[in-house]
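The values are calculated or read from the model by the stated rules, or taken from the named source; none is laboratory data. Just so it is clear, the structure is predicted and the values come from calculations on it, not from any experiment. We place every Cβ from the backbone using ideal geometry, glycine too, and count neighbours over all the protein chains shown. For accessibility, only protein heavy atoms count, side chains too; no ligands or nucleic acids. Shrake-Rupley method; radii C 1.70, N 1.55, O 1.52, S 1.80 Å.
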Amino acid sequence: MAMGSVSRKTLVGLGRNVGFGGIGYVRGVKTFTLPDLPYDYGALEPAISGEIMQLHHQKHHQTYITNFNKALEQLDPAIAKGDATAVVKLQSAIKFNGGGHINHSIFWKNLTPVREGGGEPPKGSLGWAIDTQFGSLEALIQKMNTDGAALQGSGWVWLALDKEQKKLSVETTANQDPLVTKGSGLVPLLGIDVWEHAYYLQYKNVRPDYLKNIWKVINWKYASNEYERESA
């Protein structure tokens, strides 16, 4: 049964491709577990406080995983019963919570402490592509900050590789929609969470300040590696 533009097969496949924690089984259904962070909760301070990182990872991300697994477990029985109403309801839950798991699993990899290279500008082919398309890294950052600050409600701002157009693209997605919902050829290189839970304890309601400071801990090495792998 299809889920709009995100199928359960797609969500499971993305989990394999980007390392979204462990995958287990409950009554024959694949389940997902919370991935470990590659750094301590306080390692991104002062850009992002340890308190925010711990709550964001242990509470918010874990909640998406819990609800994603629950919905996946209920989907096949609903299909077997021919319960169309239940199936549609579960598809919505799978898209939202599965998207939350996908997006956050990418987000943690997009960050790294300053002492480990956080904030260091991209080099190589990605740096060249950014300069060519946007004029400079500063211009790209300004565009992403502007688009992220202007996003109404909750969502994400992305730097993507458009594999069909063979170029970089800045995209936004609402709520927990993963980037694949905007096009199957879009590959996320860098995603910034602009839900309030990502910054409110530290930055209150001033999203632009959060967007300004998060670049100090962006892991451009990860984005560069993804760009080179997906461009090959």
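Among the residues making up segment 174-199, those that are under 18 Å from Ala150 (Cβ atoms) and open to solvent by 10 Å² or more (accessible area, probe 1.4 Å) are Ala174, Asn175, Asp177, Lys182, Trp195, Glu196. A single entry from Gly153, Gly135, Gly127 fulfils the requirement of being within 24 Å of Tyr210 (Cα to Cα), small (Gly, Ala, Ser), touching a residue at least 40 places away in the same chain (Cβ under 8 Å) and assigned by the TED database to the domain that holds Pro208: Gly127. Here the helices (runs of 4 or more DSSP H) wholly within segment 62-148 that include at least 3 residues being closer than 19 Å to Val180 by Cα and open to solvent by 30 Å² or more (accessible area, probe 1.4 Å) are 84-109.
Considering segment 155-167, the residues that are in contact with an Asp or Glu (Cβ under 7 Å, 6 or more places away or on another chain) and open to solvent by less than 70 Å² (accessible area, probe 1.4 Å) include one that is farthest from Arg207 (Cα to Cα), namely Leu161. Kindly establish whether Asp40 is open to solvent by 20 Å² or more (accessible area, probe 1.4 Å) and either at pLDDT 95 or above or of a type in the set (Phe, Trp, Tyr) (or both). So Asp40 fits the description; yes.
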